[in-house]
Structure formats: structure tokens, C-alpha cells
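As C-alpha cells, the structure follows; a few thoughts come after it.
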Amino acid sequence: MASNHSQKVEAITDHADADNDSSHVNAKSIVLSNEAKVEQANAHSLINPKKEITFTVGTNDIAEAAHQIADQKAAAAKAAEEQAAAEQAAAEQAAAEQAAAEKAQQEAQQAAQNAAAASAASAASASSSAATTASTETTTNKGTFKLSFYDPSVLGSGLGYGGVAANLSVFPKGTRLKITLSDGTVWYRTVNDTGSFAAGNPNQLDVAMPNSQIPSAGVLTATVEVVG
């Protein structure tokens with residue numbers, strides 16, 4: 001900058017020399033003034049340089065907000081993944097518990113069915129045995145008898161509940177009797193005792209039975225047969 005101005009000033013100076021000394025003086029003054037202004041301007045530029053706007057990547061507000069949004073999305077995705085995993089684990093546990101409960105129920109049902117089948121088989125076997133016994137046994141019908149009841153344990157007897165007291169002239173001790181009630185109920189009893197009633201009531205039997213099972217009617221009638 002200063003050299004250009006100097007060249008122009010020198011040109012003006014040469015021209016001034018051709019005119020007069022006064023012009024030369026004025027030209028010199030103009031040169032000095034212009035050079036001072038240029039130097040002042042250059043000094044100002046050095047002291048107060050132009051400010052430039054710069055952006056540092058990752059430190060401005062927009063970048064920071066983007067980072068925060070990305071972090072929030074990542075946290076939300078992780079939370080959703082953990083919740084999905086927890087729900088799946090809970091569903092698997094519930095399914096396992098339900099399967100165990102169903103298995104236990106099936107096993108219980110199967111056990112009940114097996115028990116029922118075994119009971120039915122036992123009952124069928126007993127019925128078959130009884131039918132076989134009934135078909136093979138021979139009986140002699142002795143007619144209709146009155147039935148009364150007593151509890152041997154109340155009387156202090158140890159004969160048990162499988163016996164019956166009878167008139168020994170009609171049914172000697174050891175005689176096995178088949179007693180059929182009017183409703184079809186059948187009892188088998190063995191004569192093992194007698195009683196004072198038998199002398200005046202030869203057609204009556206006194207059946208041993210616990211007080212809790214004695215019929216409320218007290219006295220019944222039944223068909224009596226001798227077995228064997």
C-alpha cells in the first residue's frame with residue numbers, strides 16, 4: 001500500500017517541480033498525510049482483527065440436543081427390551097405352572113379312575129363269588145320267623161356280632177342260617193346262643209347287632225333257611 005502511494009506522490013512531485021516549489025511542498029505534505037493514514041489503518045487492523053464465527057462440532061446446542069435425544073431413545077429401547085424379556089419370563093413361568101397343575105390334575109383323575117376300576121373289579125369279584133356260593137349252596141326253608149335284636153357287648157358277652165340266639169331244639173348250635181328280609185336284604189348268621197324267650201317262642205330269632213345298627217322297628221319278620 002505505501003509503495004503505491006509513494007509512486008503516485010513522486011509522480012505528483014515531478015509534476016510540481018515543473019511548476020514551482022510551492023506545489024512541490026504541497027505534494028510532499030499530501031504524501032506524508034496519506035502514508036500516515038495508511039499506517040494508522042494497518043495498525044488498527046493489527047490491533048482489532050476481524051472476528052470470525054466458528055462452530056466446534058459437538059459443543060453447540062443443536063449437537064447437544066441430538067446427543068440427548070439419541071441417549072433417551074437408547075434408554076427407552078433398553079427399557080422396552082428388558083420389559084419384554086420380563087414379560088416373556090413371566091409368561092413362560094405361568095405356562096409351566098399351568099402345565100404342572102394340569103399334569104397333577106390328570107394324575108389325580110387317573111388315580112381316581114384306577115381306584116374306581118379296582119373297586120369295581122373287587123365288587124364284581126365279590127359278587128361273582130357270592131353268586132357262585134349261592135348257586136352251589138343248598139338250603140332248607142324253615143318258614144317265616146320273627147326277628148328281635150340285641151347287642152352282645154351291652155350284655156357283657158364276647159360272642160360277637162356274627163351269631164344269633166335261637167331255640168336249640170329247632171336250630172342246634174352251629175347251624176348256619178340264611179335270613180332274608182322282606183326288602184331282599186340277606187344276612188348269614190350262625191346259631192351260637194339261646195335265650196329264655198326260646199322256650200315260648202320257637203319261631204323267633206334274636207339277632208346279634210350293634211345298638212347303632214338295630215332297625216328302628218325293633219321286631220321284623222324274615223324267611224329263614226338252613227344252609228348246608
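What the table shows:
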{"read-out": "Distance between modelled label sites at residue 81 and residue 103, nm, 7 Å Cα→Cβ extension", "value": "3.3 nm"}
{"read-out": "Computed FRET value (nearest 0.05) for residue 219 with residue 117, which takes r as the C-beta separation and R₀ as 35 Å", "value": "0.25"}
{"read-out": "³J(HN,Hα), Karplus 6.51/-1.76/1.60, whole Hz, each residue of region 180-192, x for Gly, Pro", "value": "10, 6, 5, 8, x, 5, 10, 10, 10, 9, 10, 5, 9"}
{"read-out": "Estimated vicinal HN-Hα couplings, Hz - region 153-160 in sequence order (Karplus 6.51, -1.76, 1.60; Gly, Pro = x)", "value": "5, 5, 7, x, 8, x, 7, x"}
{"read-out": "Inter-label distance, nm, simple model (7 Å from Cα along the C-beta direction), residue 137/residue 227", "value": "0.3 nm"}
{"read-out": "Estimated vicinal HN-Hα couplings, Hz - region 78-93 in sequence order (Karplus 6.51, -1.76, 1.60; Gly, Pro = x)", "value": "5, 5, 5, 5, 5, 5, 4, 5, 5, 5, 5, 4, 5, 5, 5, 5"}
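Read the figures in this text as sums done on the coordinates, not as results from a lab. Worth saying up front: this structure is predicted, and the values here are computed from it rather than measured. Cβ coordinates were reconstructed from backbone atoms using ideal geometry, including for glycine residues, and neighbour counts include every protein chain displayed.
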